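Written below as structure tokens is the structure these notes are about.
The values are calculated or read from the model by the stated rules, or taken from the named source; none is laboratory data. Source: prediction; values computed, not measured. Heads up, the Cβs are rebuilt from the backbone with ideal geometry, glycines too, and the neighbour counts pull from every protein chain shown.
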């Protein structure tokens, strides 16, 4: 019985030493990293990302493609920074709306996504569909809803409507411009 006791003690000491060497001192002392420290290190980086999201019936609801996704996990929330994100929303198994922008930030596991920089939302098929242009928009992908308080331009063929603020109910194919609406229509 005494012959294995020193071996167990050595193994425990080596294990404790390795654990101490591999653990950051802040964690050992119970200190939490500052917000600046949290922002420095990503938990995951994915290049050429392609994700698919399904509705409760199991059919494809939307997909997200991005040149890069940088994911951060915090204590009570998460964030994913998107480079060149592209969303494609489906209706009746067909692509219906496509968004693209220079960057984006997804919050709370993608419940809310803020797109920035030359945001374009196209109704598909593009021939005959409408196109929305703005500098920033917030999308709630699961609800197929988008909103912004920025200036928006809607183009449908030769017709152009612009205004400030927008609510888009993509599932219902309904768009509302909130103020300062200006339109130019070309009659046939």
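The table below gives the values:
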| item | result |
| --- | --- |
| Hey, residue 125 closer than 22 Å to residue 53 by Cα and in a loop (DSSP other than H, G, I, E, B) or not | yes |
| Pair list, Cβ under 9 Å, 6 or more apart: segment 42-68 residue on the phi > 0 side of the Ramachandran plot, other residue exposed (fewer than 15 other Cβ atoms within 10 Å of the Cβ) and at pLDDT below 90 | none |
| Flag if residue 110 is modelled with pLDDT under 95, under 9 Å from the mean Cα position of the chain (by Cα) and part of a loop (DSSP other than H, G, I, E, B) | yes |
| Test result for residue 176, in contact with a strand residue (DSSP E or B) (Cβ under 8 Å, 6 or more places away or on another chain), within 24 Å of residue 116 (Cβ to Cβ) and free of Cβ contacts under 8 Å to residues at least 12 places away in the same chain | yes |
| Of all residues making up segment 71-82, the number that are assigned to a loop (DSSP other than H, G, I, E, B) and surrounded by 15 or more Cβ atoms within 10 Å (Cβ to Cβ) | 0 |
| Of all residues making up segment 83-93, the number that are in a strand (DSSP E or B) and either at pLDDT 90 or above or at positive phi (or both) | 6 |
| One residue from 135, 68 being assigned by TED's automatic domain parsing to the domain that holds residue 173, within 30 Å of residue 157 (Cα to Cα) and either part of a strand (DSSP E or B) or in contact with a strand residue (DSSP E or B) (Cβ under 6 Å, 6 or more places away or on another chain) (or both) | 135 |
| Residue among 167, 174 that alone is at pLDDT 90 or above and exposed (fewer than 14 other Cβ atoms within 10 Å of the Cβ) | 167 |
| Selection status of residue 59, within 11 Å of the chain's Cα centre (by Cα), in the same structural domain as residue 171 (by TED's automatic domain parsing) and surrounded by fewer than 16 Cβ atoms within 10 Å (Cβ to Cβ) | no |
